[in-house]
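For reference, the structure discussed in these notes is given below.
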Amino acid sequence: MDKAEIISKHNVDKLFQEAVKLQSGGNFPEAEALYLKSLELHPGHFDSLCNMAVLYNEINHYDGALLYASIAMKIHPDSAS
């Protein structure tokens, strides 16, 4: 892993952790923005994909929830069990 990849992974992890806090506190718009930013940096970030599905379900955006859950399941199909 080169230096740019390490920096990017660190940034994604920080964005994800902050998004989780915001989502837990009910601040869905800001949580969504941070999850999307983490996915810009790492499109296959499984936890961000899963949490986007959960967030969209929480705000009754079921098409978005299904989309992100489907993407996550393509990345890790064994995680459904």
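Between GLU40 and LEU66, what is 0.36 nm times their sequence separation minus the Cα-Cα distance? Round to one decimal in nm. Display every interim value, and only then the final one.
Numbers: separation 26, 0.36 × 26 = 9.36 nm, distance 1.91 nm.
Net length gain for the segment: 7.4 nm.
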Integer Hz, Karplus 6.51/-1.76/1.60 couplings in order for the range 54-70, x for Gly and Pro
5, 4, 5, 5, 5, 9, 6, 9, 5, 5, x, 4, 5, 4, 5, 5, 5
Could you name the lysines in cross-link range of LYS9, using Cα to Cα under 18 Å and dropping any fewer than eight places away on the same chain?
LYS37
Taking 0.36 nm per residue of separation and subtracting the Cα-Cα distance, what length does fully extending GLU18 through LYS74 add?
17.6 nm
If you plug each phi of the range 15-20 into the Karplus form 6.51 cos²θ - 1.76 cosθ + 1.60 with θ = phi - 60°, what whole-Hz ³J(HN,Hα) values come out, in order, with x for Gly and Pro?
4, 4, 4, 5, 4, 4
For Cα extents along the principal axes in Å, calculated from these coordinates, the label among [x] 29, 23, 22; [y] 40, 29, 19; [z] 38, 29, 27:
[y]
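Read-outs throughout are calculated quantities, based only on the coordinates presented, and are distinct from any laboratory measurement. Computed from a predicted model, the values in this text were never measured in an experiment.
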